[in-house]
Each structure stands twice: as C-alpha cells, then as structure tokens.
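The block underneath contains the structure these notes are about, expressed in structure tokens.
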Amino acid sequence: MNRGERVAAAAYRLRGYRILDANVRIGGGELDLVLRRGRRLVFVEVKERAAHDAFGGGIAAVGAVKRRRVERAARAWLAAHPETRDLDVVLEAAAVTGHRVTRRLWVAEDDGDDGDGQAALILE
C-alpha cells in the first residue's frame, strides 16, 4: 500500500472497519481497499494529494472512467467471493490530504437478482 492508502486504511480501521483486501487487481481494474463492518462491504478508491487544489482535490480525480473500472473490479471481486453475496455493498472515494481523509459515497444499490445470483451495482 502507498502512504495515502495506509492513511485511509487507518482511518477506516478507527471507525471499526476490517480490511479484507488491498491493492487487488481483478476484472481489468484495481481495488485499493476492500473493507467490511458488520453487514456493510465497502470498495474504496483512494486518491492522495499534497494539498487541496482548484480542481476539486482527490475526490474530483475519480471520474466516470475510473468509477466504471472500479465497478467492474468490484463485480469481479464479488463473483470471486460468494460468501459476501448478502452484504450491503458501498463504493466510496477517499481523498487523503496530509493526514486528513475525506470520503464520498458513489452510490451502490441492489437492483435485485438479474439471474446470476449476484447483486448488481449501480453507480451515479
């Protein structure tokens, strides 16, 4: 893990999350952090910035193309881990500036079973 991912992981751990996976390449993408707290499963894309900038910081760096890559990777991870099938899935971007972590939920919803037994992820 790089420094930003370590800072983000520590912040999530302080909030009671357990790290299930980190820096995993799957489904043509990479998942920076895969976390769980209770029934909540969180896929986190981490961006580190030295300082806030005029372009919206690390959160703004997670654009539509990156979100689609993370979504594909998350779907592949879920398919490889059927034991997580019934968990509530959330996708987040975490911006790390110094030791401060800002989180933004992307939105993941279960639109029901589309026949493959896996919950579908919808990102907005």
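The values are calculated or read from the model by the stated rules, or taken from the named source; none is laboratory data. Just so we're clear, the structure is a prediction, and the values are computed from it rather than from any experiment. Cβ sites come from the backbone with ideal geometry, for glycine too, and all protein chains shown count toward neighbours.
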Q) Mind checking which residues of region 17-40 are assigned to a loop (DSSP other than H, G, I, E, B), at pLDDT 95 or above and within 14 Å of Ala76 (Cα to Cα)? A) none
Q | Members of region 73-116 found to be charged (D, E, K, R), over 11 Å from the mean Cα position of the chain (by Cα) and either at pLDDT below 90 or under 25 Å from Arg3 (Cα atoms) (or both), listed by number | A | Arg85, Arg100, Glu109, Asp110, Asp111, Asp113, Asp114, Asp116
Q.
Kindly evaluate Arg49 against the criterion of being surrounded by 13 or more Cβ atoms within 10 Å (Cβ to Cβ), under 11 Å from Leu91 (Cβ atoms) and modelled with pLDDT under 95.
A. no
Q.
Of everything in region 1-27, what is in contact with a helix residue (DSSP H, G or I) (Cβ under 6 Å, 6 or more places away or on another chain) and on the phi > 0 side of the Ramachandran plot? Give them in sequence order.
A. Gly27
Q. If the Cβ limit is 6 Å and pairs must be 6+ apart or interchain, which residue in region 78-99 that is in a loop (DSSP other than H, G, I, E, B) pairs with which residue that is surrounded by fewer than 17 Cβ atoms within 10 Å (Cβ to Cβ)?
A. Leu87/Arg39
Q) Taking region 12-52 only, how many residues are under 12 Å from the mean Cα position of the chain (by Cα) and closer than 18 Å to Thr97 by Cα? A) 7
